[in-house]
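Report on the following structure.
Any read-out appearing in this document is the output of simple, stated calculations on the displayed coordinates, not a laboratory observation. Nothing here was measured: the structure is a model prediction, and the numbers come from that model. Cβ atoms come from the backbone with ideal geometry, glycine included; neighbour counts cover every protein chain shown.
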Amino acid sequence: MRENDAILWVGQSFREGGMELELEGRVLTGVRKLFSNRRGVGEVCEQKAVTFLAIPWGRLLPLPHGSAPPLAKSVAEFWGRRWNVWMSDWFRQIIFPPLRTCPVLALFLVFLASGVLHESVINVPLYIVTGRKCFGFMILYFLLQALGILIERRTRNRGMRIFLVWLFVFGAAPLIVNEGLLRILHLWPE
């Protein structure tokens, strides 16, 4: 990591996805203890907790969050290989194996879990601080992603698949880019 990419904390070194991040050891130790009884949950919570801690300083972590997302050729490719590979890998290891006989259920559970996670990290703090209720939009956005993947599985037309990416992922983005997210990113007009 370059010096200007360093996060504002010093302490424990954390290695994930080929990148070494310096993090405050106490936060990660607490998160690990809290979720240590569930395989894989601690790593995801560490990522989300660290991202959440980095945002108030106006800094985003230099994580390998995606690889040219607008170039995705399908909704499944966008979520599986082009955006937030940490989460997609985790879901592939945790949710899909026990539900391999019900792949549609697993698909909807993955996106429902993503929606609930985003609601709890973004909209619950907004409600606590401001009393504004923006619940449900992020869950709806992620459930639409599952629907988009199911629809694209029925088409072989490459142009139609690219259209579905733009329709479901980017066209539905106003559902996820709401007041809570904009406030966290310091983009909400005061």
query = Residue by residue through the stretch 128-143, which ³J(HN,Hα) values in whole Hz follow from phi under the Karplus form 6.51 cos²θ - 1.76 cosθ + 1.60 (θ = phi - 60°), with glycine and proline marked x?
reply = 5, 7, 10, x, 7, 9, 10, 6, x, 5, 6, 4, 4, 4, 6, 5
task = Would you mind checking the stretch 103-123 for residues with the amide N under 11 Å from a putative spin-label position 7 Å along Cα→C-beta of I151?
result = none
task = For G66, enumerate residues with amide H under 5 Å from its amide H, sequence gap 5+ or separate chain, H modeled in the peptide plane.
result = N84
request  = Rounding to the nearest 20 debye, state how big the charge dipole of the stretch 65-190 is about its Cα centre with +1 on each Lys and Arg Cβ and -1 on each Asp and Glu Cβ.
outcome  = 520 debye
